[in-house]
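One structure is given below, encoded as structure tokens.
The values are calculated or read from the model by the stated rules, or taken from the named source; none is laboratory data. It should be emphasised that the depicted structure is a prediction, and the values quoted were computed from it without experimental measurement. FYI the Cβ positions are ideal-geometry reconstructions off the backbone, even for glycines, and counts take in every protein chain you see. These accessible areas exclude ligands, DNA and RNA; they are computed on the full protein's heavy atoms, side chains included. Shrake-Rupley method; radii C 1.70, N 1.55, O 1.52, S 1.80 Å.
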Amino acid sequence: MEIQHLRYFVEVVRNESYTRAAAQLFVTQPMLTRSIKQLEEELNVKLIERTSKSFRLTDAGRILYERAQRFLLEYEDLFQRMEDVRSARVGEVRLSIPGVLLDAYFPDLLNQFRRSLPGIDISVVEEGSKLVAAAVGSGHADLGLVMLPVEDPSRFESKLLINSVCQLVVNRRHPFAQMPVVPIRDLREEPILTYSETATLHDAFIRICGEQGFVPRLAYKSLMTRFSMKMVAMRQCIAVLPLPLVQPELCEEVVTVPLEPSIPWQIAIIRRREGYHGFAATRLFEHICGYFAALDLTGDGGAAV
């Protein structure tokens with residue numbers, strides 16, 4: 001049984017599509033189909049039931065998928081351990097992070113890290129918190145920054161970096177600007193901007209509105225803070241955004257107002273709880289924790305989650 005065939009099989013199942021898996025793996029679909037067929041012949045079992053309209057694992061396929069994921073993680077861990085033994089100050093880290101956090105905090109953070117450990121390369125992928133958690137959980141990323149809570153948190157080791165809230169962002173001439181606090185139920189008729197579907201904040205805001213008895217009117221969804229602030233300044237909408245990210249962008253036309261009930265904005269760094277953590281990833285994890293602790297954005301010195 002070839003390792004590559006197992007990798008191909010896991011990617012096909014993860015994507016539930018030969019076409020999408022082939023694109024992810026940068027191979028042709030016929031090559032991928034042949035590899036899965038060879039795996040089935042070698043094991044003498046059917047692994048995937050596929051028609052033009054459905055994709056389903058057989059019982060054997062489900063067992064192989066569960067075991068193959070664990071095996072491939074162990075296999076990669078073995079090679080990472082050997083690499084760490086060979087060279088103690090070089091390596092590569094795969095970091096998955098929402099773009100708003102990358103823009104706000106990471107230029108200086110990464111500059112400091114590169115100065116202290118120039119031999120470590122960092123591969124950064126920008127994506128929303130929900131995709132970050134999926135990437136770290138599947139092993140596609142070594143570290144990730146997410147808004148809490150994450151799905152199935154027992155999979156991860158995490159450390160709280162930022163403990164803040166979201167607030168209402170409005171034009172200074174909006175009636176809400178004169179209020180000490182705005183009940184979320186009063187947003188019922190307002191055109192609102194908040195983060196897009198890949199962000200945990202999107203789901204959290206919709207859930208809280210539902211608890212207040214309405215579905216919010218989401219006029220815009222954006223992960224770009226400056227765009228959001230300009231839209232509010234032009235009175236195109238109001239916005240519900242993380243306070244630490246909007247404070248540096250406030251201008252004469254825009255103010256923030258607390259919401260009731262409050263919407264927590266807690267940012268944590270996560271890594272897989274199980275498996276080996278390489279030297280490079282461990283050093284970056286420690287550096288990120290130390291950097292945010294120095295900024296004192298948690299109010300409690302960075303408590304573990």
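Please enumerate the residues belonging to the range 197-233 that are assigned to a loop (DSSP other than H, G, I, E, B) and touching a helix residue (DSSP H, G or I) at 6+ places or on another chain (Cβ under 6 Å).
THR198, ALA199, GLN212, PRO216, SER222, LEU223
What residue, of LEU131, LEU143, is in contact (Cβ under 8 Å) with a residue 40 or more places away in the chain and more than 18 Å from CYS289 (Cα to Cα)?
None of the others qualify; the one that does is LEU131.
Let's see how each residue does on (1) open to solvent by less than 60 Å² (accessible area, probe 1.4 Å); (2) without any contact (Cβ under 8 Å) to a residue 40 or more places away in the chain; (3) of a type in the set (Lys, Arg):
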{"residue": "LYS53", "(1), (2), (3)": "no, yes, yes"}
{"residue": "PHE71", "(1), (2), (3)": "no, no, no"}
{"residue": "GLN80", "(1), (2), (3)": "no, no, no"}
{"residue": "VAL125", "(1), (2), (3)": "no, yes, no"}
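Taking the criterion of being in contact with a Lys or Arg (Cβ under 6 Å, 6 or more places away or on another chain), within 21 Å of LEU223 (Cα to Cα), open to solvent by less than 60 Å² (accessible area, probe 1.4 Å) and part of a strand (DSSP E or B), would at least one residue in the range 156-173 satisfy it?
Checking the range 156-173: at least one residue is in contact with a Lys or Arg (Cβ under 6 Å, 6 or more places away or on another chain), within 21 Å of LEU223 (Cα to Cα), open to solvent by less than 60 Å² (accessible area, probe 1.4 Å) and part of a strand (DSSP E or B).
Pairs under 6 Å by beta carbon, first residue in contact (Cβ under 8 Å) with a residue 12 or more places away in the chain and under 12 Å from LEU259 (Cβ atoms) in the range 173-202, partner among the acidic types (Asp, Glu) and open to solvent by 70 Å² or more (accessible area, probe 1.4 Å), six or more apart or different chains?
From residues that are in contact (Cβ under 8 Å) with a residue 12 or more places away in the chain and under 12 Å from LEU259 (Cβ atoms), the pairs are VAL181/GLU260; PRO183/GLU260.
Sort through LEU187, LEU223, LEU201 and tell me the only one that's closer than 19 Å to VAL146 by Cα and open to solvent by less than 20 Å² (accessible area, probe 1.4 Å).
The unique qualifying residue is LEU201.
Quick check on my filter: what residues within the range 268-291 are in contact with a helix residue (DSSP H, G or I) (Cβ under 7 Å, 6 or more places away or on another chain) and either of a type in the set (A, V, I, L, M, F, W, C) or more than 25 Å from ASP152 (Cβ to Cβ) (or both)?
Listed by number, the residues that qualify are ILE269, ILE270, PHE279, LEU284, HIS287, ILE288, TYR291.
Would you point out the residue of the range 254-276, among those that are modelled with pLDDT under 95 and open to solvent by 50 Å² or more (accessible area, probe 1.4 Å), that is nearest to ALA199 (Cα to Cα)?
ARG273
Find the strands (runs of 3 or more DSSP E) located wholly in the range 1-120 whose residues include 2 or more that are hydrophobic (A, V, I, L, M, F, W, C), and list them.
55-57, 91-97
Name every residue in the range 226-249 that is open to solvent by 30 Å² or more (accessible area, probe 1.4 Å) and of a type outside the set (A, V, I, L, M), in order of residue number.
Result: ARG226, PHE227, LYS230, ARG235, GLN236, GLN247, PRO248, GLU249.
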